[in-house]
Every structure is written in structure tokens, then in C-alpha cells.
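Everything on this sheet refers to the single structure shown next.
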Amino acid sequence: MKNYDNQSFRDFEYIPGTDAWGRAAQFQNYHDDQVAKGQLNYRLMTTSGCGPVVEVAGKQVISLVSNDYLGFTQHPAVKQAAIDAISKYGTGAGASPAIGGHYDYHEIMERKIAGFFRKEHAIIYTTGYTANSASLQCILTKNDLVILDAGVHTSVMEGCQQFNRKTVKHNDLAAYEHTLKLAQGKHPLILVIIDGVYSQDGDIAPLKEIVALCKKYGAKIMVDDAHGTGVVGSTGRGLIETCDAWDDVDLISGTFSKTFGHIGGYVVGSKDIITYLKYQSKQHLFSASSTPAALSIIKAIELIDEEPFWMTKLQENICYFKTGLSALDLNIGNTQSAIFPVRVGDKIKNARICHTMQEMGVYANQINYPAVSMKDARIRMGITALHEQSHLDKVLNVWSDIKKQFDL
Ligand code: PMP
């Protein structure tokens, strides 16, 4: 029997002499072997709604896998807004925005999200992924240079794939400065792209310092704050709010699928650049616009200001959980958000821990290569405002057992 333990998804992207069906057949063998060993714990089927406790395989488990940071997917007013919108408009937009699929509710959403981030205009995409990948494909040209932090999301990397790009070591200011200095004056556009809160480590960017470097060397800056929105900043506007960098950041991207409890993505910026995207970005132009149920996003945006206690509760939970994990002496790195990675290192050990946690009633995610580097496998947990102290205590107890069982 072949041992697949040291293989990863990447190994099946290209196999000399095979076509897609040949690769798929080999991947299927790898998949079945790893699932049978409890080492591929993805796509678990949940049979209840998003929340702090969910039903998986007929069992109630504490869920640490959602990015529904403020619990708005279950908020009665958010749900009602979607129901009302469907009653008024029906279920679909029926067309792409340029040719009949642009409704008053899209205008309202655009204005609302632009205003939330104190920018002039906003464009909405079908997903947060597309907001990054599509807008970058439209903004960049072959003469430009994009400078990426190593921790940015795959969607950003995909948007930059066919352009000149330099990836700098995560949050390493000396590396940023070195790269910017070399590039200064050599490209029509130098665009630095960072996250506000990084999705796998939960740490934040040194935004003020990066902004200063961008100014010094003539670069523009784009911030994806998908995980900072609703979590960081005194009113949930993310890292840019914490740093009061509204006028220093050229583009902000993000998603409606996390704190805003729906699906979709946005890019906000100046009127000109956003209008340009609306007419030039193919994935926006030629793809159907958001469904009426997206009106729930408006309510979610309003609730961040109207019901600040959700953020307060989230912060209390973050603080409680961080203290508990630190007391167990687990390696959670430098997280400053609702994302808690426990670094395990070895991917097989990581997968087994994930599986054992599930058996003990805790649903967390295993993060392996290629999402993180080969030796950096970790269990990733996300905390929400809806978790109760009893849920967090149970998770901490499970970690206490796991630590002994797996010699962490
Ligand atoms: N940016 C970051 C930092 C993300 O973590 C994600 C997804 N987790 C996205 C963008 C894409 O957002 P979506 O899942 O809404 O497409």
C-alpha cells in the first residue's frame, strides 16, 4: 500500500504525462487514504446554522470554525432584513450590474460600505476572494510592481500572479524598506498590499510604519482587513481605525462573509478608481450582482454602531480565551484578534489533534501546507461574540488533555 502521509494537495497540481482525469484518479486514492486515517478533516458536513455550537454527524460540538465574529448570521434583525428584501424584490438580481442587474439596494450597499470606511466610493463583488483577485487584475499593468506581505490571502496572490511582484517576509519592515528602495521611481505604480489582521496568525500589520515607507518611496497601499472588520478598532472599522490612517490608505478591501454575516466582497477608495473598476473589471461587469438578501448586510453594518455590546462581548471572549491558552503554555504566536492558531508543526500530528478534538466535542480547523508553510501546521480557532464562557472552558479543558496526549 502506498504511503500518502507526506503528500499534499500541491503534489496533484501537475503530474508529468497525466491529464486532469489522471491526476484526479491519483488524488482520489490520496483523499480516501487520508480520510480513512482521520488525517483529512475538511468539508465536514454541518446540519445546523452557523453558531457557537453546531451539529456535525448528529453530534453537538463547540464550533471554532466560523468567521461570524459578532454572531450576526443569527441576529433576528439581520435575518429579518433578508426576509423583507426577498419579499420585496424576489430571490435574484437577474443580470450583471452593467446590463440590468444594478438595483437601488446595490447603490445603498455601496454607499453604506464606503461610508463605513470613510471613503468616497465602493464596488461590490460576488465574494471577498473576487474583490481582491479581480480588482488587482484590473488595476495592475505589466510595468507596475506589487509588493506583497507573505501572509496575504490567496485571492491577493492570484490577482497579482501575472504581474511583477515581490513577496516580503511577514511584517518585516526592513524587508519592506529594502524592496521599496530598489523599486523607487522604476514603475508607473508601486502597490504595497497587506492585511490589517492576518488570517492564519491573527496578528496585525505595522500599518503606521508601512504607510510611512510607502510615502517615502512613492508607493500606494491597499489593505485587506477581512478579519479586522468588526473586531479591531474602537468602532470595528479595523486596523485603519486603530491607526487613524484613513487618508493614508488608497484602497481597502474586505468581505461581507465574516462580520457582516452574508457573502460578497468590496473594494473602497476614491471615486475615480472605483468608477474605473466598475466599468473595467470583468468579473464585476460580466457576473450577476448580489441577490436582494444582501440587504441584510446593511443591517449588519448598522448594528456595529447600534449594538456595540457585541464587540465588547467579543473582546471579553478574546481576552478570556487568550489568558486560558497562555496559561496552558501553548504556542499561539502573536495573535491580536479573534483568530487563535495553536502551532503544532508536523502536519500529521496536527491532523490527528484536529480529529481527536472533534471526537472530544470541539470543532476546530487543521491548517496545513499550502495554506501555511510545510513545518508550520497549526490548529486554527476563531472566537465569536456568541461563545459563552462555558464553551471556552470546555475548549480549554480539551486542550489541556490534548497537550498531554500529544506531548505539545
Ligand atoms: N481576504 C482574507 C484575508 C480572507 O481570509 C478571505 C477568506 N477567508 C478572503 C479575503 C476571501 O473572502 P471570502 O471568503 O468572503 O471570499
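Every read-out reported here was derived from the displayed coordinates using simple, explicitly stated rules and does not represent laboratory data. Fair warning: this is a prediction, and the values are worked out from it, not measured in the lab. Here Cβ is always computed from backbone atoms with ideal geometry, including for glycine, and neighbour counts include all displayed protein chains.
No solvent, one uniform scatterer per C-alpha: report log10 I(q)/I(0) for the stretch 73-306 via the Debye equation at q = 0.12 1/Å, two decimals. These q points yield log10 I(q)/I(0) values of -0.63. Our summary gives the chain a relative contact order of 22 percent, counting only alpha carbon pairs under 8 angstrom and 6 or more residues apart. Among all the aspartates and glutamates, which ones have a C-alpha under 15 Å from K79's C-alpha, if same-chain residues fewer than 8 places away are not counted? In chain and number order, the partners are D68, E302. Only the Cβ atoms of Lys and Arg (+1) and of Asp and Glu (-1) were treated as charged; on that basis the dipole of the stretch 73-306 about its Cα centre amounts to roughly 560 debye. At each listed q (0.11, 0.19, 0.22, 0.25 Å⁻¹), what is the log10 of I(q)/I(0) that the Debye formula gives for the stretch 160-257 modelled as equal alpha-carbon point scatterers? Taking Cα atoms of the stretch 160-257 as identical point scatterers yields -0.31, -0.92, -1.18, -1.42. Computed log10 I(q)/I(0) for the stretch 27-118 at 0.11, 0.13, 0.14, 0.20 Å⁻¹: -0.61, -0.77, -0.83, -1.05, from the Debye equation with unit scatterers placed on every C-alpha and solvent omitted.
Taking other C-beta atoms within 10 Å as the exposure proxy, T235, T130 rank T235, T130 from fewest upward. Principal axis extents of the Cα atoms in the stretch 243-366, from largest to smallest and rounded to whole angstrom, are 51, 33, 31.
Taking other C-beta atoms within 10 Å as the exposure proxy, M109, M45, M157 rank M45, M157, M109 from fewest upward.
At a Cα cut-off below 26 Å, give the lysines reachable from K2, other chains included and same-chain residues fewer than 8 away excluded. Reachable lysines: K37, K347, K349, K375.
In this Cβ point-charge picture (+1 for Lys and Arg, -1 for Asp and Glu), the chain has a dipole of about 680 debye about its Cα centre.
Pairs exceeding a 30 Å alpha-carbon distance, out of K166/K215; K166/K216; K59/K112: K59/K112.
Counting only Cα atoms, I'd like the Rg/Rh figure for the chain, Kirkwood definition for Rh.
0.97
Note on R43, R237: ascending count of other Cβ atoms within 10 Å places them as R43, R237, the fewest first.
Pair-distance distribution of the stretch 296-342: all C-alpha pairs, bin width 10 Å, starting at 0; shares per bin in whole percent are 24, 39, 23, 13, 0. DSSP beta bridges fully contained in the chain are about 55 percent antiparallel.
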